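Take a look at the structure set out below.
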Amino acid sequence: MTHALQLKNVRKAYQDKVAVKGLDLEVPKGSVFGLLGPNGAGKTTTIRMAMDIIGPDTGEVLILGQKTDKLLRNRIGYMPEERGLYQKMIVEELLVFMAELKGVKPAESKRRMMPWLERLGLGGLHRKKANELSKGMQQKVQFIQTLLHDPEILILDEPMSGLDPVGTNVMRDAMIELSRAGKTLIVSSHQMATVEQMCDRVALINNGEKVLDGRVADIKASYGKNTLILAFEGDGSFLKSLPGVAAVNDLGRYAEVKLAPEADPQAILRAASGKLKITRFEVVEPSLHDIFIERVTEVLV
Amino acid sequence: MNRDILVIAKREFIERVRTKAFVIGTILGPIFMATLMIVPAVMASKLAKSVSITVIDAEGSLRTLVEDSLRGGTATPEKEKPEDPMNARPRNSGTTKFVVKPAVGADVAAQREAAKKEVLEGRLDVYVVLPPDVLSQSQAEYYSKSVTDFEGIRAVDRAIEKAVFARRIGAAGIEAEKIAALTKPLDLKRLRVSEEGEHEDKGISFLLSLILVMMIYVGTLMWGQIVMTGVIEEKTNRVVEVIVSSTTPRNLLFGKLVGVGGAGLLQFGIWILGLVGVSAASGSLAFLSGVDLPALNPVLIAAFPIFFLLGFFLYASLYAAIGSAVNTIQEAQNFIFPVMLPIIMAMVCWPVVMRAPDSTLSVVLSLIPFMTPILMFLRMSVLMPPVWQIALSVVLTLATVFAMTWAASRVYRVGILMYGKRPTFPEMLRWIRQSGG
């Protein structure tokens, strides 16, 4: 099976620092792939290399099994993190221009953009200048711009950043729909929670190196259900001294309790219920966020 | 040409041509230039400056002669023919009309005091003092609040000189009428020799060529700046990354140059049409009757777009490279001057080339690619150079254009994705040498 995107031992250094250190990455066709990591981890550099905007120092980047070229790039839709519109251009002409660079005829792109504008709440605004739209609206225009040439692969760098909650939902729905239509989605983000539910595969990178990758379900399963969620009223400061508790993230009325191996969640519940009024108790898999923190701190130690 | 370049050029062209600045500039340009051409001509023929002057004569015998001469010459009784208005230079006083005020005061010292006071109070513009020994020493004094009215000063100088000469010749025993006849000034006509024959060149058709040279100069810098601003905008808007994910930075740069250059060419085309129109219509316009407007040289008009585009591509590619390397227009200012230097040098060399258009120095200067757009075109408008020189200059400049756009596209490729620190010139040179991405 050819991969939508494949990076083989890719390395990229800038003048003063190494941004990506020998990265291997495989994005299967049709997957929703999360490229996760904190700011400065090398996500954007990785994506720019995938888009052939910058070349790797060493290593190989393959799109759909081939070395990238112009025609191949026309099959990708790319929304960079640093994004913007020509402020003085009319939305419709802007979209036509961008699609034309991808080889779509103006009449065709005009036909295609209308349903998308409708659906993202921009109906009737296509004759407006970009600078007359709000920031969130501009971002939606960029999203449409990314998919107007009907790409097989979408690379979205921080797609949710700057969107309000409603916009986030609209965007997520659109992305899910594209995924159901068989597109490959590569979504990069530093906010792991927002993409965690959507992605079937993730790669976590930190300092230019891959910390972890694979199917989300597998990653989580490998950690087991080792986390206890408690919501309560009272002073929970004693929780961390209970037997079987490895660590506590105490947020006052809510705590995430990391269990030591072979700890008994029921014993902890019994000990806590004597001192606190428990309103929620749940044994869960750790979040990607927690896994990431754990892996990164392990590396540091 | 690459299809992406065309798509980008089309966008750039349409966006530029649509701006208010373009529309206004296109309309006002010819009006401005027509004004530039017509107003001096009309002024020269219909208006003359009036200057009040007092002659203080310590020598004692010169005052009347000088005053007559300043007033417009009863000293030369022959009535002059009405002159060509473009060449209106009454010989005794240039375009300056003098109003003679008699000196007030008992003696020379008192007259000087009085005249000085009047000048300071603004009731008198000029007074001249002719010392007692003016006939032997040939020295006189000109007093005014400002001494920069060169034409007026020259007229005064000539009037005094004429009076002094007349006195000296008179002292040698020659009659007044003879003196007038003997000292009748010479009228030097300027005739241009060319293949088509000889015609009197009053300097204005030449002025028009100079306007074309100025248009190349201003156009190159202005449209070059527009390219730079566009590049910086794309960078600050962060549009650029989307575009280079669809096409190469090189295509983006070339598309931009072609599109903006096209817009510049369109504007100049409209302007030149306007100029031709004004020239053609001048015969039928009443207020221009008697004002001689020049005909445009068709060879120059054909050469204009070539030299403009050569200059534009050369400088605009450098401007684009700068724009890509910086973050703001303010940051760009530091880099602009070195880029502009050669074209400014070309303007500085202008008088040298104009005085001797076929001297070795002029030939060499006009073959330097960064100066060719200005200086070769200037030579063509002064004295048509040999075809091989024109061809050579175009070929050399074209080669430089290719080299510059190549280098600029390499700086551009790195620069457009660089944010933050402003790079130095050595860093930009390293970007040019760097291979790959």
Just to be sure, is B:Gln267 under 26 Å from B:Leu341 (Cα atoms), in the same structural domain as B:Gly323 (by TED's automatic domain parsing), buried (at least 20 other Cβ atoms within 10 Å of the Cβ) and polar (S, T, N, Q)?
yes
For segment B:286-313, how many residues are surrounded by fewer than 22 Cβ atoms within 10 Å (Cβ to Cβ) and either in a helix (DSSP H, G or I) or at pLDDT 55 or above (or both)?
14
What number of residues within segment A:144-173 are more than 14 Å from A:Val195 (Cβ to Cβ), hydrophobic (A, V, I, L, M, F, W, C) and under 15 Å from the mean Cα position of the chain (by Cα)?
1
Number of positions in segment B:411-428 that are closer than 10 Å to B:Ser324 by Cα and in a helix (DSSP H, G or I)
5
Run down A:Gly274, A:Gly236, A:Gly244 and say which single residue is farther than 26 Å from A:Pro38 by Cβ and surrounded by 18 or more Cβ atoms within 10 Å (Cβ to Cβ).
A:Gly236
In this structure, is B:Trp406 over 21 Å from the mean Cα position of the chain (by Cα), more than 18 Å from B:Phe313 (Cα to Cα) and in a helix (DSSP H, G or I)?
no
Scan segment A:192-214 and tell me whether some residue there is in contact with a Pro (Cβ under 7 Å, 6 or more places away or on another chain) and farther than 24 Å from A:Thr146 by Cα.
yes
Report, by residue number, each residue of segment A:78-87 that is more than 7 Å from every other protein chain (Cβ to nearest Cβ) and among the charged types (D, E, K, R).
A:Glu81
For segment B:385-398, check the following and say yes or no: at least one residue is among the β-branched types (Val, Ile, Thr) and under 14 Å from B:Thr220 (Cβ atoms).
yes
If we keep just the residues of segment B:391-424 that are without any contact (Cβ under 8 Å) to a residue 60 or more places away in the chain and over 17 Å from B:Phe254 (Cα atoms), which is surrounded by the fewest Cβ atoms within 10 Å (Cβ to Cβ)?
B:Lys421
Scanning segment B:319-335 for residues that are crowded, with 24+ Cβ neighbours inside 10 Å and either among the small types (Gly, Ala, Ser) or not in a helix (DSSP H, G or I) (or both) gives B:Ala320, B:Ala321, B:Gly323, B:Ser324, B:Ala325
Considering residues of segment A:139-150 that are away from chain B (no Cβ under 11 Å) and either in a loop (DSSP other than H, G, I, E, B) or free of Cβ contacts under 8 Å to residues at least 60 places away in the same chain (or both) only, the residue nearest to A:Pro106 (Cα to Cα)
A:Leu148
Would you mind telling me which numbered condition in (1) modelled with pLDDT of 85 or more; (2) surrounded by 12 or more Cβ atoms within 10 Å (Cβ to Cβ); (3) among the β-branched types (Val, Ile, Thr) A:Ile291 fails?
(1)
List the number of the failed condition for B:Ala316; all other conditions in (1) part of a helix (DSSP H, G or I); (2) at pLDDT below 90 hold.
(2)
What's the total number of residues in segment A:217-246 that are farther than 19 Å from A:Arg280 by Cβ and part of a strand (DSSP E or B)?
1
Taking segment A:54-76 on its own, how many of its residues are part of a helix (DSSP H, G or I) and either facing chain B (nearest Cβ under 8 Å) or buried (at least 16 other Cβ atoms within 10 Å of the Cβ) (or both)?
3
Among the residues of segment A:96-113, write down those that are more than 14 Å from chain B (Cβ to nearest Cβ) and surrounded by fewer than 13 Cβ atoms within 10 Å (Cβ to Cβ).
A:Ala107, A:Arg111
Would you call B:Glu233 over 30 Å from B:Ser366 (Cβ atoms) and surrounded by fewer than 21 Cβ atoms within 10 Å (Cβ to Cβ)?
yes
Here are the criteria: (1) crowded, with 23+ Cβ neighbours inside 10 Å; (2) modelled with pLDDT under 90. Tell me which single one B:Phe377 does not satisfy.
(2)
Need at least 3 residues that are at pLDDT below 90 and over 19 Å from B:Arg11 (Cα atoms) per element, so show me which helices (runs of 4 or more DSSP H) inside segment B:139-255 make the cut, counting only ones lying wholly within it.
B:150-171, B:176-182, B:204-237
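The values are calculated or read from the model by the stated rules, or taken from the named source; none is laboratory data. Note that the structure is predicted; figures quoted are calculated from it, not measured. Reconstructed Cβ throughout: ideal geometry from the backbone, glycine too, with neighbour counts over all protein chains shown.
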